[in-house]
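The block underneath contains the structure these notes are about, expressed in structure tokens.
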Amino acid sequence: MNKGKYYITTAIAYTSGKPHIGNSYEIVLADSIARFKRKDGYDVFFQTGTDEHGQKIELKAQEAGITPKEFVDGVAGTIKGLWDLMETSYDRFIRTTDEFHEKQVQKIFKKLYEQGDIYKGSYEGLYCTPCESFWTESQLVEGKCPDCGRDVKPAKEEAYFFKMSKYADKLIEHINSHPEFIQPVSRKNEMMNNFLLPGLQDLCVSRTSFKWGIPVDFDNKHVVYVWLDALTNYITGIGYDCGGSSTDQYQKLWPADLHLIGKDIIRFHTIYWPIFLMALGEPLPKQVFGHPWLLQGDGKMSKSKGNVIYADDLVDFFGVDAVRYFVLHEMPFENDGTISWELLVERINSDLANTLGNLVNRTISMSNKYFGGIVADKGVSDAVDEELKTVAVGAYDKVAAKMEELRVADALTEIFALFKRCNKYIDETEPWVLAKDEAKKDRLATVLYNLVESIVIGASLLEPYMPATAKKIAGQLNTGLRGFEELNSFGGYPSENKVTEKPEILFARLDVKEVVEKADAMFAERKAAQKQSTDEAQDEEKNVSDKEPEGIDIDPKEEITYDLFDKMQFQVGEIIACEEVPKSKKLLCSKVRIGSQIKQIVSGIKQHYSAEEMVGKKVMVLVNLKPATLAGVVSEGMLLCAEDAEGNLALLTPEKEMPSGAEIC
């Protein structure tokens, strides 16, 4: 039965580097939804891809000594390889450097300019060099940049702007009249209360300070800024043409049924993107879901330690389907989830090896032992059978209800509830006891039939989430996976069918100590390779340069007395946890251990350090700075950094190993 079209997208991955497992979670989540919808009778189109323009990429390419296109070609290939490794069933992988996309972005920009939605102006105000951001006087926090807390200077830059306020009331009305548009509801409330209701400022949609972007074709000093470029992939990738010649595919698929994105970019997808579409006269997407983050547990993983977890690392350890199960099962609907090696092993052992793998193995083994592998329904029923059958035939409705709300983790829980009920059924019926009584042979056969039938139903439901495992189960039971429309009745497994003689172990139990030791060895090897690469680069730099190191001069500040300096308390701190500040593109929030105290410190260094690589660093801290609130988060000190003439930052760290809390004097 065809239930109609279903167009689902992920956010396109930024090609500044290899995505870690938290980034990979989104593509697996989207794939599970797409696979479920296909199996549920929808005509699904699933699009993903890469976001490839911007100043950050331009700088990274310069550092690598290659062109920006060469740089993004390499990273886009890595990202696509990871998505393929995770068995994701996307229908299109779009790149924002694709020629058709770039041409449409230019046409869209020009159309919006000609109809008066985009105008030429300039940033004129107070500029924060490290953040590359302009601020008004009222936006400053104690005279400093509200994102990073540093000094700002008067500056001016020519740019094109989009008139956001022109469409704000229309968007507010749409959100109020379409409660399903932004999910979860907490994201909707955040967008309304923090951004729309206070009033929207016009949005910068071009830049002149870098060149790696799509040129504004009628003003080639400018390139189209990231969000107008990146967001439009959702329509250009399916054939949109703002000149009026959109393809049949676009007419069929748009509006999107679901934009699946991380909660950190919800504002761009629920405010900027709908307003762009309104200006183009196109329908808005039906739903935007801002999923939570998958965090690397207990603050022990960082790039500086060489132990960031990537999807291919986990696949090497556990296999694709085990990784898919973990990331889907461990993510709550609204709150962040956690990943660690210990938790991975626990879930694989308890859920996959015990609940599922052992169930399939025992059932097949008993069928072979007692009946030579022949599974037959002899119709000798008992009251306990009815409860199992009720759970089995009712499973699809429960799973479908959870998927309708995008509660994928809960849907998986419902499927495993059926597998757990099968295990309980074995305990209740005790097939090994029935086998001792020849008069109960038909009852034993019926019990095993009921188990096989229930497992087939469960495997058929499991297919969107763990496709390879579901097929393995069906193969060992010598049958095919069923469509969802076939799961509302019990007894579809052919009586007298024969299961495999040698059941394959689906998931072996793991020793957590061995896994952690293996992971530590992998990370040690990776860190050594990173060090060797750094050393070689430094040696090469020394060989090719005979210049004296250059210094920079900065404007002197007013002299202070020793008494004033003596009031400042500097200590060594150890960063034990770090995360991005959700409402800011510039800020990181660190938990810093200083002696026996833990301080929360907000720093505008996100462009220079990832949250992962901050963890474990020993840093210099101004401890007795008066607390301030940055982007709604309280900061209780300041991390000391050095800054060069280009605004690049480096944390100041002790030359020798020093304990947390050591005084800097």
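Every number in this text was worked out from the coordinates using simple rules, so none of it is lab data. No experiment lies behind these values; they were computed from the predicted model shown. All Cβ positions, even for glycine, are placed from backbone atoms using ideal geometry, and neighbour counts span all protein chains on display.
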Item to complete: Quick one: pull the percentage of alpha-carbon pairs in region 552-664 with a separation above 16 Å.
Response: 61 percent
Response to the item:
Taking 135-143, 504-512, 73-81 and ranking on average Cβ neighbours within 10 Å, highest first, one gets 73-81, 504-512, 135-143
Worksheet item: Taking LYS626 as the anchor, which aspartates and glutamates have their alpha carbon closer than 15 Å to its alpha carbon, excluding any fewer than eight residues away along the same chain?
Response: GLU142, GLU636
Worksheet item: What list do you get for TYR310, TYR14 if you sort them by fewest beta carbons within 10 Å?
Response: TYR310, TYR14
Response to the item:
proj_area_mean for region 340-498 (convex hull on C-alpha atoms), units nm², value 9.4 nm²
Worksheet item: Among GLU58, GLU124, what is the fewest-to-most ranking by other Cβ atoms within 10 Å?
Response: GLU124, GLU58
Worksheet entry | With Cα atoms, 0 to 90° folded angle of helix 512-544 axis to the chain main axis | 30 degrees
Response to the item:
Footprinting proxy, HIS269, HIS101: sorted fewest to most Cβ within 10 Å, the residues are HIS101, HIS269
Fill in: Where labels lie 7 Å past Cα in the beta-carbon direction, separation of ALA417 and ASP217 in nm
5.6 nm
Discussion item. Could you work out how much longer the chain between ASP264 and ASN189 gets when fully extended? Use 0.36 nm per residue separation minus the Cα distance between them, nm to one decimal.
Written reply: 25.5 nm
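Is there a pair in LYS188/LYS286; LYS56/LYS527; LYS436/LYS471 whose C-alpha atoms are over 22 Å apart, and which pairs would that be? Each step should come with its number before you reach the end.
Working: LYS188/LYS286 14 Å; LYS56/LYS527 24 Å; LYS436/LYS471 33 Å.
Among LYS188/LYS286; LYS56/LYS527; LYS436/LYS471, the Cα-Cα distance tops 22 Å for LYS56/LYS527; LYS436/LYS471.
Restricting attention to region 617-665, which trypsin sites (Lys or Arg not before Pro) occupy a DSSP loop and are surrounded by at most 15 other Cβ atoms within 10 Å?
Sparse-neighbourhood loop trypsin sites (Lys or Arg not before Pro): LYS656.
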Worksheet item: How much net charge surrounds ARG35 when only the other residues with a Cβ under 11 Å from the Cβ of ARG35 are counted, with Lys and Arg +1 and Asp and Glu -1?
Response: 0
Practice prompt. On a C-alpha basis, how far is the centre of region 93-125 from the centre of region 328-388 in Å? Whole number, if you could?
Written response: 53 Å
Worksheet item: Roughly what angle does helix 165-177 make with the longest principal axis of the chain, taking Cα atoms, 0 to 90 degrees, to the nearest 10?
Response: 20 degrees
Worksheet item: Rounded to the nearest 0.05, what FRET efficiency do LYS120 and PHE210 have when you use their Cβ-Cβ distance and R0 = 22 Å?
Response: 0.75
Item to complete: Starting from the alpha-carbon convex hull of region 124-195, give the projected area averaged over all orientations, in nm².
Response: 6.5 nm²
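Take the Cα gyration tensor of region 1-114, multiply each eigenvalue by 5, square-root it, and list the three semi-axes largest first, rounded to whole angstrom.
The three semi-axes for region 1-114 are 29, 20, 10 Å.
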Worksheet item: Computed over the Cα atoms, what is the radius of gyration of region 380-470 divided by 2.2 N^0.38 Å, N being its residue count?
Response: 1.21
Fill in: Phi-based couplings in Hz for region 626-640 (Karplus 6.51, -1.76, 1.60; Gly and Pro marked x)
4, x, 9, 10, 10, 6, x, 10, 6, 10, 10, x, 9, 7, 7
Worksheet item: Cross-link partners among aspartates and glutamates for LYS656, C-alpha distance below 15 Å, same-chain residues fewer than 8 apart left out?
Response: GLU574
Worksheet item: Any idea what angle helix 359-371 forms with the longest principal axis of the chain, computed on alpha-carbon atoms, 0 to 90 degrees, nearest 10?
Response: 20 degrees
Worksheet item: Any idea what the relative contact order of the chain is, in percent, if you count C-alpha pairs under 8 Å spaced at least 6 apart?
Response: 13 percent
Worksheet item: Could you give the radius of gyration (one decimal) and Dmax (whole number) of the Cα atoms in region 251-388, in Å?
Response: 23.2, 70
Practice prompt. Provide the three semi-axes, in whole Å and in decreasing order, of the ellipsoid equivalent to the chain as defined by the square roots of 5 times the Cα gyration tensor eigenvalues.
Written response: 51, 33, 22
Discussion item. Using 0.36 nm times the number of residues separating LEU85 and ASN648, minus their current alpha carbon distance, what extension gain do you get?
Written reply: 199.1 nm
Fill in: Helical contribution to [θ] at 222 nm, DSSP H n ≥ 4, -39,500 (n - 2.57), averaged over the chain, rounded to 500
-12500 deg cm²/dmol
